[in-house]
């Protein structure tokens, strides 16, 4: 085959394959154009999931007759005043979107030029432009895209269902709406209004409108700055998580991105409080000088490249970890409005007015009984494994209970988690606070306490290594081996000693003692390598060690079904108040919930 020049129509169709993957991509590109035009209100109207028709109306600055004709040509743009790609100030800049869309669909544009007061219209079908003509049109621009992919039937066959395409469009528009709260957005599908967001002054109001009150009740405010980079937004509590990263909303200079580095930062920050298969809900807004980030690395501008990725990574991870630590037990136990409504609607009136304290294995012990009884009996020792003494203080069985002391009682209630009143079902501790009550899952709570003690010891004494009698020799690509060896010092702190053993060969001299006997060293190295390539940091080994510590903590904690006396329960509450991250267990589940008197009275229709 001889080299030949492709026809312009085919060039545009190839470009469309990169830029216009599905109807949602069309909506994203056209809405970004409207935002760049200074629009304060953008209306999106779609039919059949956008496959039949997409109409975008905005009140931006509009275009002149020459501009609207040039807008349909490839690489024609108003957003690059010069040839500098290092200081991009707009969402769009390549001049590909309209030309690519026009190559595979029928497109009609009506626009009102704010500077001249004139309105113009142009039609384009399959890349063939008609002449620009005058028209009647109010302020802004209206773009109608019909029969998407009619010019490329093969691409049309790969489109998903109408429901799936509509969902993708709503998600794309919602993300843009989060980044621009000062702009009003609406979405209509098949004649039905699906999204109607008024312009607001702050991001919090827009996030609440898009994500719902549940997110607001289970998120923490983020504000951090390092050198010239600013981070703001909201991070979900570790107890508020999903099974996919789809609910992580990331923005760089107002641009919606799905960047591996940023997702990796979120994962690393939550690694100690969530399982790897669970993902937090976050909305993060990163602002930095335009010359510190390259947005021209992806056809759909979905990924970015930072000049100083380590600075960005350090800022995000430290800010998120600080928020998680600050949240601790103080915020993790709140009950959301939806939960309260569900409890209220569950038919509380159907319960008998009086129930016995004992039924089957359930057990409720009023605190008053401890004041009148001379002896408190527990059926078994608090903590059975004897080799690791990470139990609740005091550990001894309490035989003599002091007389009821009102002042002591009041002091206990004034603690954040209150005074223990009862134990239900041998697993749930009921504590009274001055303005409500707290319900604690004793196993989940003690599991976190033990885990944090393990980690504290690891920090003080380091991770114990176990040397190998015969080093494991692992061969791999030379570049891969060099990349691993660059991080040898970091690995050594985690108990893994690696050394070069010729070109493209690594010798493993020792492994973390916790992982000895249960580790495939070759698989570990390749997993670490994948981790380095994806996240620029070896987090996997640390996660493996933390997973072992978490498992040990789970087996070494107060089990469900263990009966505790009042002093033991109060000791657990006090330790929770002093321990970081005690609001959730090692698996991301809450260790307690808090109900205020107002909420309790609402449940009983007293308010």
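State all residues of the range 439-468 that are assigned to a strand (DSSP E or B) and either modelled with pLDDT under 85 or within 15 Å of residue 575 (Cα to Cα) (or both); if no residue qualifies, say none.
Of everything in the range 439-468, those that are assigned to a strand (DSSP E or B) and either modelled with pLDDT under 85 or within 15 Å of residue 575 (Cα to Cα) (or both) turn out to be 440, 441.
Looking at (1) farther than 19 Å from residue 295 by Cα; (2) in a loop (DSSP other than H, G, I, E, B); (3) modelled with pLDDT under 90, which is the one condition that is false for residue 85?
Of (1) farther than 19 Å from residue 295 by Cα; (2) in a loop (DSSP other than H, G, I, E, B); (3) modelled with pLDDT under 90, only one is false for residue 85: (1).
Across the range 162-188, what is the number of residues that are closer than 16 Å to residue 38 by Cα and either assigned to a loop (DSSP other than H, G, I, E, B) or touching a residue at least 40 places away in the same chain (Cβ under 8 Å) (or both)?
Residues that pass the stated criteria total 8.
Six or more apart or on different chains, Cβ atoms under 8 Å: show the pairs whose first residue is in the range 446-474 and at positive phi and whose second is at pLDDT below 80 and surrounded by fewer than 12 Cβ atoms within 10 Å (Cβ to Cβ).
462/493
Could you check, for the range 448-459, whether at least one of its residues is farther than 26 Å from residue 238 by Cα and either touching a helix residue (DSSP H, G or I) at 6+ places or on another chain (Cβ under 9 Å) or crowded, with 22+ Cβ neighbours inside 10 Å (or both)?
So far as the range 448-459 goes, no, none of its residues is farther than 26 Å from residue 238 by Cα and either touching a helix residue (DSSP H, G or I) at 6+ places or on another chain (Cβ under 9 Å) or crowded, with 22+ Cβ neighbours inside 10 Å (or both).
Looking at 601, 568, which is the one that is buried (at least 19 other Cβ atoms within 10 Å of the Cβ), closer than 22 Å to residue 431 by Cβ and modelled with pLDDT of 80 or more?
568
Does residue 206 satisfy the criteria of being over 27 Å from residue 591 (Cα atoms) and either touching a strand residue (DSSP E or B) at 6+ places or on another chain (Cβ under 7 Å) or without any contact (Cβ under 8 Å) to a residue 60 or more places away in the chain (or both)?
yes
Each row is one residue, and each column tells you yes or no for (1) over 33 Å from the mean Cα position of the chain (by Cα); (2) buried (at least 17 other Cβ atoms within 10 Å of the Cβ).
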{"site": "462", "(1), (2)": "no, no"}
{"site": "473", "(1), (2)": "yes, no"}
{"site": "484", "(1), (2)": "no, yes"}
{"site": "512", "(1), (2)": "no, yes"}
{"site": "521", "(1), (2)": "no, yes"}
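Given the criteria surrounded by 15 or more Cβ atoms within 10 Å (Cβ to Cβ), outside the structural domain of residue 114 (by TED's automatic domain parsing) and either under 16 Å from the mean Cα position of the chain (by Cα) or over 22 Å from residue 54 (Cα atoms) (or both), does residue 174 qualify?
Against the criterion (surrounded by 15 or more Cβ atoms within 10 Å (Cβ to Cβ), outside the structural domain of residue 114 (by TED's automatic domain parsing) and either under 16 Å from the mean Cα position of the chain (by Cα) or over 22 Å from residue 54 (Cα atoms) (or both)), residue 174 does not qualify.
Condition check ((1) farther than 25 Å from residue 156 by Cβ; (2) crowded, with 17+ Cβ neighbours inside 10 Å; (3) outside the structural domain of residue 151 (by TED's automatic domain parsing)) across all residues:
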position	(1), (2), (3)
22	no, yes, no
25	no, yes, no
31	no, yes, no
39	yes, yes, no
44	no, yes, no
48	no, no, no
66	yes, no, no
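Is there any pair with a first residue in the range 475-488 that is in contact (Cβ under 8 Å) with a residue 12 or more places away in the chain and a second that is loosely packed, with under 14 Cβ neighbours inside 10 Å whose Cβ atoms are under 7 Å apart and which are 6 or more apart or on different chains, and what are they?
Cβ pairs passing all conditions: 478/503.
The values are calculated or read from the model by the stated rules, or taken from the named source; none is laboratory data. Note that the coordinates shown come from a computational prediction; the quantities given were computed from them, not determined experimentally. Here the Cβ is made from the backbone with ideal geometry for all residues, glycine too, and neighbour counts use every protein chain on show.
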